[in-house]
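S.K.: This is the structure I want to talk about, given as structure tokens.
The values are calculated or read from the model by the stated rules, or taken from the named source; none is laboratory data. In this text the structure is predicted, and so the values were computed from the model without any measurement. Note that each Cβ is placed from the backbone with ideal geometry, even for glycine, and that neighbours are counted across all protein chains shown.
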Amino acid sequence: MARDDRAHWGCISGCGACCRLDPSLRQEAIEALSPEQQEQYLAMVGPDGWCINFNTGARSCRIYADRPDFCNVANLVQLFGTVDDPGAGDRLAIGCCLQQIRSEYGGRGRVMKRFRRAIRKRL
């Protein structure tokens, strides 16, 4: 995605693409976690590669209010935004979501279209 400082990351309901935790697809992300977080992450991976707390039918998290910190994509926005570049976190989170949504649901589907609408800044 081209740099667009007008886009702001926002999670959309009914997506859950980030809940696909399959370690073979997420090795880099797992390595960034602490040993305790890695253990928790791996314990959350179901036999199908999806989080055991993800309701695949409703595409919703069963523990959303109490989910682990590493499940909160908004943390990326806060961690990587800086005074010199406050949009860096948004761009990172948007890039991660675009990649994951494309991988799980395709690049031209309804989820992708809804996400693209959600990240546009409302003036």
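S.K.: Would it be correct to say that R102 is surrounded by 15 or more Cβ atoms within 10 Å (Cβ to Cβ), under 13 Å from the mean Cα position of the chain (by Cα), touching a residue at least 12 places away in the same chain (Cβ under 8 Å) and part of a helix (DSSP H, G or I)? Step through it out loud before you land on a result.
M.R.: Values: surrounded by 15 or more Cβ atoms within 10 Å (Cβ to Cβ): yes; under 13 Å from the mean Cα position of the chain (by Cα): yes; touching a residue at least 12 places away in the same chain (Cβ under 8 Å): no; part of a helix (DSSP H, G or I): yes.
Taking the combined requirement at face value, the residue does not satisfy it.
S.K.: A further question on this structure: Please specify each residue of the range 69-94 satisfying the condition of being surrounded by 13 or more Cβ atoms within 10 Å (Cβ to Cβ) and over 13 Å from the mean Cα position of the chain (by Cα).
M.R.: Within the range 69-94, F80, G81, G87, A88 meet the criteria.
S.K.: Let me ask something additional. Can you confirm whether I94 is assigned to a loop (DSSP other than H, G, I, E, B), at pLDDT 90 or above and among the β-branched types (V, I, T)?
M.R.: no
S.K.: Kindly provide the set of residues from the range 8-47 that are closer than 19 Å to A74 by Cα, small (G, A, S), free of Cβ contacts under 8 Å to residues at least 60 places away in the same chain and assigned to a helix (DSSP H, G or I), ordered by number.
M.R.: Once the filter is applied, which keeps residues that are closer than 19 Å to A74 by Cα, small (G, A, S), free of Cβ contacts under 8 Å to residues at least 60 places away in the same chain and assigned to a helix (DSSP H, G or I), the range 8-47 yields only A29.
S.K.: I'm checking my understanding of the structure. Among residues of the range 48-99 that are small (G, A, S) and in contact (Cβ under 8 Å) with a residue 60 or more places away in the chain, which one is nearest to M112 (Cα to Cα)?
M.R.: G95
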